[in-house]
Structure formats: C-alpha cells, structure tokens
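> One structure is given below, represented as structure tokens, and several questions about it will come after.
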Amino acid sequence: MKANGWCNLSGFIHDDALVLLNSEANELLPSADVLHVKRNIYQGAIDPSLPEDDIRRKEVTHIAVQLADDQIPADTKLKQLYRSDILTEFVRRVQMKDQLYRCADEFQALNIVALHPGSRHAWHYDTTECTVTLLLQAAEVGGEFTFLPNSRTDDTENRMAVDNLLAGDVSQAQTFARGAGTFTLFRGGYSLHGVTQVEGNRPRISAILTYDEQPDRVIDDEINIRIYGKRVESILARRKA
C-alpha cells in the first residue's frame, strides 16, 4: 500500500458468503437508477480559467446502474459488512491512518454499481481518499480496473501524464484483473482511474465502500446531484423547502 497506493486481496470473501452478497445485489439492482453521469475528472464544475480546448475541461458521460447508500436496506449482509467495526479497523490499518470512519454521507457511504456490456467507467478522481471496492461479479470480458499511479498530491498534479491519458495514451497506466470476491483498497483521490469497457453477456457488479479520516464529513450537494441525478436532486430540494 505504501509503495503503490493500492492493495489487491483476492479471495477476501469466502465463496459461500460471496454467493449471498451477489444474490442480494442482483435482487436490489432492478430497482436501481440508470445513471448517465456527465462530469470532468475532478467530479466538479469546470474551471473557467482553463483554455477552451484544454482537455481537462472535457466532460465525459458514463452509464451505470447504481444504488446509493439510502437504497440499500440496513438488514442486508452487504450493509452489515460495511458497518462492521472489524472491517473498518482492518481498512484503517492497511491504509495506515491514525483514525478512520465510515463515510457519513447518506448517498455515498455504500454503493452497488453494475456496468452492463458496452459500458465503462470514465476517468475520474474519487472525492474521498479511502475508497474500497469489493467485486461481487466479474465481467466475462473487459471491465478491468485501470489507473494512473500517484498522478497527483495535495499540492500538485502530473499534468503531462494526466493530459496524455485523457488524450488516449495509456502507456503509463496500470491495470490489474480481478476475480469476484476480490477486495481492493485504493487511494482514488490521488490516482486517476476508471474501468475499461465491459463485454460479454453479464454485468460487472461491485460494491463501493467509502471511508474518511473525519467522522462527520458529507459530500457537497452539487457533487451528489451530479453523480446520482434527479432522484437525489428531488430529495435535497424537498429538504431545503
């Protein structure tokens, strides 16, 4: 983790438990929203100071079937796994943090994401540093996690490498294939990353578990609306009203 910024643990979930978790996800996904997420790599508003032809101003749309945390029942085994203090402590140790908390955001804490054949996950940085993924169902072909290692810090960004990647040059990117049941810890706030196009006949299904060094941090409404669309926009509008 210290050397590479990621840690890939194959077979982290026992086979019988994986069957149960995958079954839960497949039962819930028919009620999920099909999200058409249009964003730049920073998941925020475009910086108007950049030149019009700057590739970092480019917004890319990815399509995913996605359940936000508020759509995943508390009695599911997947949510119980996420809320496990043992797992949270394990992630804290691997991430080498003095303290770590489960995300307090009502939408982003735990997500289930299905990428159907023909879909991919566009290049982006995560909004929190300690995002963890559990692959519940692998794609038949494709759907590989690809990233540009340590492409930015808190103070600067390797603009040349980022611009080259956005222009289609993947020579500096890394990819690792994963089987179902693999638990991946990844500093997604510092490495530009995405998922290659899914091919074959079955979707790629993953659970996204989000943690934070601050106990009560929530994500900006603008970012949540950008990610989750009209449903969350309506919830937040009713609350403000």
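> Using the crude model of +1 on Lys and Arg Cβ and -1 on Asp and Glu Cβ, and no other charge, please compute the dipole size for segment 177-241 relative to its Cα centre, in debye to 20.
300
> Once you treat every alpha carbon in segment 1-46 as an equal point and sum by Debye, what is log10 I(q)/I(0) at q = 0.20 Å⁻¹?
Once normalised to I(0) and log-transformed, intensities are -0.88.
> Could you give the size of the charge dipole of segment 100-241 about its Cα centre, using +1 on the Cβ of each K and R and -1 on the Cβ of each D and E, expressed in debye and rounded to the nearest 20?
560
> Sticking with this structure for a sec: Counting helices only, and only those DSSP H runs with n ≥ 4, report the 222 nm mean residue ellipticity of the chain as the sum of -39,500 (n - 2.57) divided by its residues, in deg cm²/dmol to the nearest 500.
-7000 deg cm²/dmol
> Please work out the Kirkwood hydrodynamic radius for segment 87-205, using every pair of different C-alpha atoms, and report it in angstroms with one decimal place.
It works out to 15.4 Å.
> What distance in nm lies between label points placed 7 Å from Cα along the C-beta direction at Leu50 and His116?
About 3.0 nm, to one decimal.
> Translational diffusion coefficient of the chain at 4 °C, 1.567 mPa s, Stokes-Einstein with Kirkwood Rh over Cα pairs, in µm²/s as a whole number.
Translational diffusion coefficient: 70 µm²/s.
> Expressed in nm to one decimal, what extension gain is obtained for the pair Ala17 and Asp75 from 0.36 nm per residue of sequence separation less their Cα-Cα distance?
19.4 nm
> Given the options Ser31, Ser84, Ser171, state which has the largest fluctuation in a GNM of the chain using a 10 Å cut-off (strictly under) for Cα springs.
Sorting by GNM fluctuation, first place goes to Ser171.
Coordinate-derived values only; no laboratory data. Predicted model, so just to flag it, every value in this text is computed and none were measured. Cβ atoms come from the backbone with ideal geometry, glycine included; neighbour counts cover every protein chain shown.
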